[in-house]
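S.K.: For reference, the structure I am asking about is given below.
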Amino acid sequence: MTHDEKVVHIADALRSRDADAGPLSLQKGGVSHFVPNPNDPKHKDRKVNVRDLNEILEIDPKAKTCTAEPGVTFERLVRETLKLGLAPMLVPELKTITIGGAVSGCSVESMSYKYGGFHDSCLEYEVITATGEVLVCTPEKNADVFHMIHGSYGTLGIISKLTFRLIDAKPFVRMDYVTYPTFAKLTEAILKRTDADFMDAIVHAPDKNVLCLGTFVDAPPAGVGTSDYTWLNVFYKSTREKTRDYLTTYDYFFRYDTECHWLSRTVPGMETKPMRFLLGKRLLGSTNLLTWSKRLAPLLKFDKRPDVVVDVFIPVSQLDSFIGQYEERIGYYPLWVVPYRRVQPYPWINPKFDEKKDDGMFFDLAVYGLSNRKRGVNYYKILEEMTYECRGIKTLISHNFYDRETFWTIYNRPEYERIKKKTDPNNFFRDLYDKFHFNLTETA
């Protein structure tokens, strides 16, 4: 089918639904990158099949733009753009994250300190509303939908096509690792750097803060090879041991994919070379790890204390306060750190909550695999409370515990509901709060 035929097919299916037909979820290809939750009500929803929306439609090397359908994975996209010496302005770290998912969930990575989120590189969306209308959305046309669609997690409509900017890229990336004795020193160094193509950090321990700087290069120096972290070697550990490294640009973009950052260590022995040699091809990598989570879902539904996997965005002015609390109340490492420049105000944030922020720079602090089995403690809730106190934003793709009133002090309910009435008047795709706050059981 052509792209237009796919869109007509989906739009017709939506138009034929009764207003009281109940909630819908999208049936996509590949694995979901939401933190697995067997109790999610979407598992019982009727589905809208969008599997076929997975084609790259055009790459324009002269204009440095790409137009593609939302199911295109970044792994596939990067392979095609690198052939032309180009890359997306932001590439999330896991291979099978899709470009549509990166918009809906506000993906960030090591280019975010310059460019913001992937959605900040987007020029146009085609959106199918829940009533079957097809909208072309740009900063000038249907601008309210254009600016609200990112961070809406699929609750306002179906993105069916995206056009976004590309940047020049080289075949290799030189990595430089600089260690700082405190988080404050790391923060100071990050805020001073403007010359790197890529920048993130890993806090291995309170006194081991490693700044990871990436620079495009044409090739490694003569006699110097590239590292391979796709099987036997562990990338995040290398940042603690090395001061310089070289990777192909493709491997750099997905350097965290093999371990899902460091979630592979939750599988006993999976960071040892014998285990990786024997089972690595079956167990390692985001696709394998997420697939196994899906297979184990019938058992996981009995786990009331899932490990913590979450990202929180903290304004730079609040970092000292947040990190102080984090060290005292949680103290779990490694901690992934991604500086994030807010390119523009986001209309989905409550203006009263937003006006308290005087920072154009945030730090995404990501926690992966924190055990949540301590009696009387719910680390998800603790992180939410700390984030709220520091005027930060927590991503919604994991377990959420904000009550409704608190949630809508963070998110812009009037503006969200105004657009919701335009794109999903019968609430087929669920309200933003209701989609994610269904597991509020207090942990003992």
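S.K.: Can you tell me how many residues within the range 414-425 are more than 23 Å from the chain's Cα centre (by Cα), touching a residue at least 40 places away in the same chain (Cβ under 8 Å) and under 10 Å from TRP348 (Cα atoms)?
M.R.: Qualifying residue count, the range 414-425: 1.
S.K.: Would you list the strands (runs of 3 or more DSSP E) that sit entirely within the range 31-150 and hold 2 or more residues that are at pLDDT below 95 and over 25 Å from SER264 (Cβ atoms)?
M.R.: Values: elements: 46-49, 56-60, 65-68, 86-88, 122-128, 134-137.
Here the list reads 46-49.
S.K.: A further question on this structure: Pairs, please: C-beta under 8 Å, at least 6 apart or cross-chain, first residue assigned to a helix (DSSP H, G or I) and in the range 1-12, second among the basic types (Lys, Arg)?
M.R.: HIS3/LYS161; VAL7/LYS161
S.K.: Moving on to the next point. Quick check, is ILE128 free of Cβ contacts under 8 Å to residues at least 60 places away in the same chain, closer than 19 Å to VAL50 by Cα, surrounded by 21 or more Cβ atoms within 10 Å (Cβ to Cβ) and not small (Gly, Ala, Ser)? Walk me through how you get there before you give the answer.
M.R.: Values: free of Cβ contacts under 8 Å to residues at least 60 places away in the same chain: no; closer than 19 Å to VAL50 by Cα: yes; surrounded by 21 or more Cβ atoms within 10 Å (Cβ to Cβ): yes; not small (Gly, Ala, Ser): yes.
Spelling it out, it is not the case that ILE128 is free of Cβ contacts under 8 Å to residues at least 60 places away in the same chain, closer than 19 Å to VAL50 by Cα, surrounded by 21 or more Cβ atoms within 10 Å (Cβ to Cβ) and not small (Gly, Ala, Ser).
S.K.: When only residues in the range 266-296 that are among the small types (Gly, Ala, Ser) and either within 25 Å of PHE118 (Cα to Cα) or assigned to a strand (DSSP E or B) (or both) count, which is modelled with the lowest pLDDT? First the steps, then the outcome.
M.R.: Step one: filter the range 266-296 for residues among the small types (Gly, Ala, Ser), giving 269, 280, 285-286, 293.
The next check asks that each one be either within 25 Å of PHE118 (Cα to Cα) or assigned to a strand (DSSP E or B) (or both); those that pass are 285-286.
Working: GLY285: 86, SER286: 83.
So the residue we want is SER286.
S.K.: Let me ask you something else. In the range 156-169, what count of residues is obtained for those that are over 17 Å from LEU77 (Cβ atoms) and touching a Phe, Trp or Tyr at 6+ places or on another chain (Cβ under 8 Å)? Reasoning before the result, please.
M.R.: Kept after step one, since they are over 17 Å from LEU77 (Cβ atoms), are these residues of the range 156-169: 156-158.
From the residues that got through so far, the ones that are touching a Phe, Trp or Tyr at 6+ places or on another chain (Cβ under 8 Å) too are 156-157.
Residues flagged as over 17 Å from LEU77 (Cβ atoms) and touching a Phe, Trp or Tyr at 6+ places or on another chain (Cβ under 8 Å) within the range 156-169 amount to 2.
S.K.: OK, next. Provide a single number: the residues in the range 179-237 that are under 28 Å from LYS95 (Cβ atoms), among the small types (Gly, Ala, Ser) and surrounded by 15 or more Cβ atoms within 10 Å (Cβ to Cβ).
M.R.: Counting residues in the range 179-237 that are under 28 Å from LYS95 (Cβ atoms), among the small types (Gly, Ala, Ser) and surrounded by 15 or more Cβ atoms within 10 Å (Cβ to Cβ) gives 4.
S.K.: Are there any pairs with C-beta distances below 8 angstrom linking a residue in the range 165-179 that is in contact (Cβ under 8 Å) with a residue 12 or more places away in the chain to a residue that is part of a strand (DSSP E or B) and of a type in the set (Asp, Glu), with the two at least 6 apart or on different chains, and if so which?
M.R.: Once the first residue is in contact (Cβ under 8 Å) with a residue 12 or more places away in the chain and sits in the range 165-179, its partners that are part of a strand (DSSP E or B) and of a type in the set (Asp, Glu) give ARG174/ASP245; MET175/ASP245; TYR177/ASP245.
S.K.: Turning to a different aspect of this structure: Please verify whether the range 359-377 includes one or more residues that are in a helix (DSSP H, G or I) and surrounded by fewer than 20 Cβ atoms within 10 Å (Cβ to Cβ). Walk me through it before giving the result.
M.R.: The first filter runs over the range 359-377 and keeps only residues in a helix (DSSP H, G or I), leaving none.
No, because not a single residue in the range 359-377 is in a helix (DSSP H, G or I) and surrounded by fewer than 20 Cβ atoms within 10 Å (Cβ to Cβ).
S.K.: Is there a residue in the range 135-149 that is touching a residue at least 12 places away in the same chain (Cβ under 8 Å) and of a type in the set (Asp, Glu)?
M.R.: Yes, there is a match, as at least one residue in the range 135-149 is touching a residue at least 12 places away in the same chain (Cβ under 8 Å) and of a type in the set (Asp, Glu).
S.K.: Please verify whether the range 240-263 includes one or more residues that are over 26 Å from ASP197 (Cα atoms), within 24 Å of the chain's Cα centre (by Cα) and hydroxyl-bearing (Ser, Thr, Tyr).
M.R.: Our first condition is that a residue be over 26 Å from ASP197 (Cα atoms); within the range 240-263, this holds for 263.
If we keep only those that are within 24 Å of the chain's Cα centre (by Cα) too, we end up with 263.
Checking which are hydroxyl-bearing (Ser, Thr, Tyr) leaves us with none.
No.
S.K.: Continuing with the same structure: Could you give me the residue pairs with C-beta distances under 6 Å whose first residue belongs to the range 379-390 and is more than 13 Å from PHE313 (Cα to Cα), whose second residue is modelled with pLDDT under 95 and among the aliphatic types (A, V, I, L, M) wherever it lies, and which are 6+ apart or on separate chains?
M.R.: Close Cβ pairs satisfying both conditions: TYR379/VAL308; TYR379/LEU370; TYR380/VAL308.
S.K.: Ok, one more. When only residues in the range 305-346 that are in contact with a helix residue (DSSP H, G or I) (Cβ under 7 Å, 6 or more places away or on another chain) and among the basic types (Lys, Arg) count, which is farthest from GLY392 (Cα to Cα)?
M.R.: Result: ARG329.
The values are calculated or read from the model by the stated rules, or taken from the named source; none is laboratory data. Nothing here was measured: the structure is a model prediction, and the numbers come from that model. Quick reminder, even Gly has a Cβ in these numbers, built from the backbone with ideal geometry, and neighbours come from all protein chains shown.
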